[in-house]
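In what follows, a structure is listed as structure tokens, so that the remarks can point back to it.
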Amino acid sequence: MVLVYVHSDGPPIFINKDMLTWYLLSLKLRGRKTRNQQSEPVHDQHLLCLPEINRANHDQDLQTHEQTHSTVVEERRKKTQDSWVVSIKETLEQVNSDDDMNKWGKICIYRVPHYLHVEDSKSYFPQTVSLGPYHYGEKQTQSMEYHKWRAVNKVLKRTKQGIEIYIEAMKKLEERARACYQGDIEMDSNDFTKMLVLDGCFVLELFRGTVEGFQEIGYAPNDPVFAMRGLMHSIQRDMVMLENQLPMFILDRLLQVQLGTKSLFSNLIAFEQCHIDSGNNITSYIIFMDNLINSSEDVSYLHYCGIIEHWLGSDSEVADLFNRLCKEVVFNPKYSYLSRLSDEVNRYYSRKWNSLKTTLKHKYFNNPWAYFSFFAAVILLILTLSQSFYAVYAYYKPNS
């Protein structure tokens, strides 16, 4: 098919229709390609910008992480340094408190130096029984703990006393006993006190049995420990070791508790009654205290004033002790070294005012609130009397 294109200024032009179609399609494709080429750089630039943005964010996060990590490390280092300084100061304070001449002077039970026992520990360390805190609880001496309890049980049955008396007596000596040992003793107060009671009573039973005879103090002839055979040689060997010792004042105090105040005073009074030239000072003292003490309140007051000290269970036991000691005792107060003091006390007691004052104090003014109540009652009585007086006075002499 042929198209005719007529131009006004010239001859007509003949154009093939198919060629014209292909020409228009080529122009259209070329225009589309041109538009695509113009849009591609923009698209590529956008794609290239994304990694740049991500890289910038990554660098910023990395810098923030490094700063945070540095801060944490610095804080940890500072905290560690502060703890280190505190530890040094505590060590210096401990050394300063330990560096005391009085403390070193109290030590009397030492540890064997390492270079001496490193080659032959059996010559320096107990193998059968442990005494004191240095080898307390070691495996090779555990079997003897049961026999220590047996010794304590024998002592309590023989003296008819409670274990509380021994525990209280050792509690009062705990600090002094700890100072006798070299270095720090890693035992709490209860374990240390229990150890003193067990070991001390065990040693005293061995001494008593050696002197008086173990059978005489209640042990069987074939006892595995408390007999002059068997383990006795090994026990005696352990008792002479340097690290296996108890302070002497511990044994002395336990012995005093075992003997008992009543037994001691009773025998001293009996000796004075039997021996003419011995005097009567002990008897005078006991009778004087018996006259002063009639109840547990008297014992409490004397203890508060520092006149007497006791390790018995209660104040009533002390009062009962003094009230029973001098029964059937022959005594002439004129020949007592406390006769003058006794006369002064009796004269003071015989005055009615002193007796009345003491009675009022014990019965009616035995607490601070009683004094406030008394003064309030006195003031109220005075006000009542004043009111009554002025009422009567106004009645007989009215105002003019």
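Take the conditions (1) at negative phi; (2) charged (D, E, K, R); (3) exposed (fewer than 10 other Cβ atoms within 10 Å of the Cβ); residue 347 misses just one of them, which is (3). Filtered by the rule that a residue be assigned to a loop (DSSP other than H, G, I, E, B) and within 30 Å of residue 164 (Cα to Cα), region 317-370 gives 326, 327. Could you go through region 94-102 and let me know if any residue there is among the acidic types (Asp, Glu), within 20 Å of residue 188 (Cα to Cα) and at pLDDT 85 or above. There is no residue in region 94-102 that is among the acidic types (Asp, Glu), within 20 Å of residue 188 (Cα to Cα) and at pLDDT 85 or above.
When the residues of region 375-400 are narrowed to those that are over 23 Å from residue 364 (Cα atoms) and either small (Gly, Ala, Ser) or touching a His at 6+ places or on another chain (Cβ under 9 Å) (or both), which ends up modelled with the lowest pLDDT? Result: 400. If you check 222, 294, 244 for being in contact (Cβ under 8 Å) with a residue 24 or more places away in the chain, part of a loop (DSSP other than H, G, I, E, B) and over 30 Å from residue 109 (Cα atoms), only one passes: 294.
Would you pick out the residues in region 247-267 that are in a loop (DSSP other than H, G, I, E, B) and more than 25 Å from residue 117 (Cβ to Cβ)? Break it down into steps so the answer makes sense when it comes.
From region 247-267, those in a loop (DSSP other than H, G, I, E, B) are 247, 260; that's our starting set.
Residue satisfying the conditions is 260 alone.
When each of 258, 245 is tested for being touching a strand residue (DSSP E or B) at 6+ places or on another chain (Cβ under 6 Å) and crowded, with 19+ Cβ neighbours inside 10 Å, the lone residue that passes is 245. Do the conditions hold for residue 286, that is, is it part of a helix (DSSP H, G or I) and either assigned by TED's automatic domain parsing to the domain that holds residue 192 or at pLDDT 90 or above (or both)? In short, no. Filter region 226-256 down to residues that are touching a Leu at 6+ places or on another chain (Cβ under 9 Å) and of a type in the set (S, T, N, Q) and give me whichever is farthest from residue 137 (Cα to Cα). Per the criteria, the residue is 256. Within region 318-335, is even one residue over 23 Å from residue 268 (Cβ atoms) and either surrounded by 10 or more Cβ atoms within 10 Å (Cβ to Cβ) or outside the structural domain of residue 167 (by TED's automatic domain parsing) (or both)? No, region 318-335 has no match at all. Residue 235 satisfies every condition listed in (1) in a helix (DSSP H, G or I); (2) in contact with a helix residue (DSSP H, G or I) (Cβ under 6 Å, 6 or more places away or on another chain); (3) of a type in the set (A, V, I, L, M, F, W, C); (4) in contact (Cβ under 8 Å) with a residue 60 or more places away in the chain except (2).
Scanning region 227-236 for residues that are touching a His at 6+ places or on another chain (Cβ under 9 Å), among the charged types (D, E, K, R) and over 14 Å from residue 200 (Cα atoms) turns up nothing.
The values are calculated or read from the model by the stated rules, or taken from the named source; none is laboratory data. As the structure is a prediction and not an experimental result, all values here were calculated from the model. Quick reminder, even Gly has a Cβ in these numbers, built from the backbone with ideal geometry, and neighbours come from all protein chains shown.
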